[in-house]
Amino acid sequence: MATAATQVPAVIPITTPSVATADPAAPAATPAIRSFISRLSETLRRSTSDLKPWQEMVDRSALTRPSSLSEATSRLRKNLSYFRVNYTAVVALSLALSLVTHPVSLFLLLSLLAAWSFLYLFRPADPPLSLFGRTFSDRETLGGLVLVSIIVIFMTSVGSLIISAITVGALLVCIHGALRVPEDLFLDEPDQQGGAAAGLLSFLGGAASSVASAAPVVASRV
């Protein structure tokens with residue numbers, strides 16, 4: 001006598017998708033990074049609007065030898081005010097070429113900048129930094145980064161390379177500023193009297209304010 005086998009329906013396993021809980025402290029540095037990039041881009045865009053044509057800067061017909069030291073100083077002062085963005089680009093190019101031709105120094109400098117960015121500037125305050133099984137406070141992290149920066153800059157070739165590159169760029173700027181006749185330049189009266197220092201400081205001050213406003217966490221942690 002055949003017994004009818006009862007078929008039990010197979011149970012289909014149902015997997016409940018796990019909802020990933022985002023760490024609330026993880027995206028805390030994102031607004032600071034976005035603010036830094038936004039302000040830096042705005043500063044560069046505003047500065048490049050004052051960039052003078054390079055053809056005007058290297059016009060050979062306007063390059064003459066000054067008759068006296070006072071005339072050279074006057075030319076340099078006016079040209080620094082007028083070509084301040086171009087001169088800043090020349091110094092930056094000199095620094096970039098020096099770093100590119102010395103890859104070890106470039107690697108050390110980029111590593112130092114990355115350490116400051118990811119370990120302090122754009123890292124959330126909570127939780128504290130944990131490395132090699134030890135937790136470091138913000139003051140300990142800042143002190144370690146300052147110590148490493150001093151070692152990298154002053155005890156390796158990075159510091160001397162940066163100083164020499166800036167010196168070469170500044171020397172080129174001074175030579176061009178003393179030789180370029182500024183009579184054909186459209187200079188405003190405040191620029192002539194204010195001099196180049198105000199122009200360069202205003203340009204560099206804009207970039208510095210961008211960095212300071214993009215990373216306010218530095219002051220709050222100290």
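Data table
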{"quantity": "All positions within the range 125-134 that are touching a residue at least 60 places away in the same chain (Cβ under 8 Å) and under 25 Å from the mean Cα position of the chain (by Cα)", "calculated": "125"}
{"quantity": "Residue in the range 180-199 that is of a type outside the set (D, E, K, R) and modelled with pLDDT of 85 or more present", "calculated": "yes"}
{"quantity": "Test for residue 149: is it in contact (Cβ under 8 Å) with a residue 40 or more places away in the chain and either more than 23 Å from residue 34 (Cβ to Cβ) or touching a helix residue (DSSP H, G or I) at 6+ places or on another chain (Cβ under 9 Å) (or both)", "calculated": "no"}
{"quantity": "Selected residue [among the aromatic types (Phe, Trp, Tyr), touching a Lys or Arg at 6+ places or on another chain (Cβ under 9 Å) and closer than 25 Å to residue 183 by Cβ] from 87, 82", "calculated": "82"}
{"quantity": "Elements of type helices (runs of 4 or more DSSP H) in the range 67-124, at least 2 residues being over 19 Å from the mean Cα position of the chain (by Cα) and buried (at least 19 other Cβ atoms within 10 Å of the Cβ)", "calculated": "69-82"}
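Yes or no, residue by residue, for (1) under 14 Å from residue 175 (Cα atoms); (2) hydroxyl-bearing (Ser, Thr, Tyr); (3) modelled with pLDDT of 90 or more:
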{"position": "46", "(1), (2), (3)": "no, no, no"}
{"position": "64", "(1), (2), (3)": "yes, yes, yes"}
{"position": "73", "(1), (2), (3)": "yes, yes, yes"}
{"position": "79", "(1), (2), (3)": "yes, no, yes"}
{"position": "82", "(1), (2), (3)": "no, yes, yes"}
{"position": "89", "(1), (2), (3)": "no, no, yes"}
{"position": "103", "(1), (2), (3)": "no, no, yes"}
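The values are calculated or read from the model by the stated rules, or taken from the named source; none is laboratory data. All values reported here derive from a predicted model rather than from experimental measurement. All Cβ positions, glycine included, derive from the backbone under ideal geometry; neighbour counts span all protein chains shown.
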